[in-house]
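Have a look at the structure below before the remarks.
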Amino acid sequence: MNNNTLTVLGIETSCDETAAAIVRRTSDGQGTILSNIINSQIEKHKKYGGVVPEIAARSHISVIENVIKSSLNDAKLSFNDINAIAVTAGPGLKGGLLVGLTTAKALSMARGIPLIGVNHLEAHALTIRLIKKIEFPYLLLLVSGGHTQILIVNDVGKYERLGTTIDDAVGEAYDKVAKLLNLGYPGGPIVEEQAKKGDSKKIKFPRPLIYSGDLNFSFSGLKTAVRREIEKSIPLTKHDAENICSSFQDAVISVIINKLEGSIKLFKIKNPKITKPDVVIAGGVASNKTIYNSINNLSTKFGVTLHVPPQGLCTDNGAMVAWAGAERFSKNHIDNLSIEVKPRWPLDPEAKAAIGAGVKA
Ligand code: KG4
Ligand code: ZN
């Protein structure tokens, strides 16, 4: 155990944000964000309706130095004050990961500062502990542009996956629906806004895998159903699009609630001494207030306490990477300079591949 106060620089380049942040963790597990710089590439990818890996990698290279400098300036610190450099080593886009990891290795070597390779999913999973004192184990619904999983977070580095998507991630489905409706990118926040003005019961979209008897998800059939509905309804009025968004989101929420309820039951069986489990939602889609409110309305019925990080810490950022690094460092998990990027890096390596799972599972 490292019982000192730790000041950690975190670097994130796994997708379309170049981010660096400095976070402090005291020995009692309390966290403070000293700086949190995000250079978003959204404008560069917008016209393609999704992230273009080559453009992403080039953009990371051109801004990473300034993003890191700004994180030190904002925190009014120098490299002499930094105890460890944490960097996302996977999963994500290989080109971007290489930019972040190579930069972090160079800084670590030049300054003699320990290096910690962080799993991007672990960074999402632990973010809540930067904000609140949540003890292990807790149940995690991880919903982002690349992943949809339910996991038990037993400790730093110890995860048990209960369910995963067998095809698309939920954020990806939001992005695709937005693209089909020409609403813009990233689709999640736009679809959520449009959904507020629509009728969620207007179209009965499928609830994929709701009767599958397991805790896995599937969103590709739902996306196809949305595409068919759009084709059928052309030319679409603004209100048609709002109804589609609202009915799509209703289907997503039904499936999430169904799988979460099953996961809570399983969590309680595995942890009989915990009377009121903590349930955490994390990842970009966790910033969706409609999803959060729908789950929160059921938290008393389910006998759980629901937590979600503030919006800016749900989508990708450097503070979550710095914090995961600090949590790992506090348990003496340090890497050496030979670590490599891992574009695929499951949190629970023991979990069996779900049937139908693509590379993202
Ligand atoms: O965690 P994140 O920033 O990046 C990944 O690790 O994937 O998540 C980005 C994803 C995108 O698919 C975006 O559309 C989705 O999160 N997202 C949302 C909302 N805000 C972001 N999805 C639904 N509702 C939102 N309000
Ligand atoms: Zn993410």
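Summary table
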| read-out | value |
| --- | --- |
| Degrees between helix 94-111 axis and first principal axis of the chain (Cα, 0 to 90, nearest 10) | 20 degrees |
| Choice from Gly184, Gly283, Gly325 showing the highest fluctuation, given a GNM over the chain with Cα pairs closer than 10 Å | Gly184 |
| Computed over region 138-308: relative contact order in percent, which uses C-alpha pairs under 8 Å that are six or more apart | 27 percent |
| Charged-residue dipole, Cβ positions (Lys, Arg, Asp, Glu), the chain about Cα centre, Debye nearest 20 | 540 debye |
| Label-to-label distance, nm, for residues given as Lys158 and Lys352 (7 Å Cα→Cβ offset) | 2.4 nm |
| Nearest 10 degrees, 0 to 90: helix 170-180 Cα axis against the chain principal axis | 60 degrees |
| Nearest-ten-degree value, helix 238-270 long axis tilted from longest Cα axis of the chain | 60 degrees |
| Solvent exposure of region 138-308 as accessible area per residue, Å², 1.4 Å probe | 41 Å² |
| Whole-angstrom gap from region 181-238 to region 106-135, using each part's C-alpha centre | 35 Å |
| Gain upon complete extension [Arg227, Glu193; 0.36 nm per residue less C-alpha separation] | 10.3 nm |
| Heavy-atom accessible area ranking, 1.4 Å probe, most first, across Thr102, Thr224 | Thr102, Thr224 |
| Alpha carbon centroid spacing (whole Å) that separates region 296-330 from region 31-53 | 19 Å |
| Estimated FRET transfer efficiency when R0 is 35 angstrom, pair Ile234-Arg207 (beta carbons, to 0.05) | 0.90 |
| Pairwise FRET efficiency - Ile131 versus Phe79, Cβ, R0 = 35 Å, nearest 0.05 | 0.85 |
| Accessible surface of the chain, 1.4 Å probe, proportion on carbon and sulfur as whole % | 52 percent |
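The values are calculated or read from the model by the stated rules, or taken from the named source; none is laboratory data. Just so it is clear, the model here is predicted, and its values are computed rather than measured. Note: ideal-geometry Cβ built from the backbone for every residue, glycine included; neighbour counts use all protein chains shown. Protein only, heavy atoms only, side chains kept; ligands, DNA and RNA dropped before computing areas. Shrake-Rupley method; radii C 1.70, N 1.55, O 1.52, S 1.80 Å.
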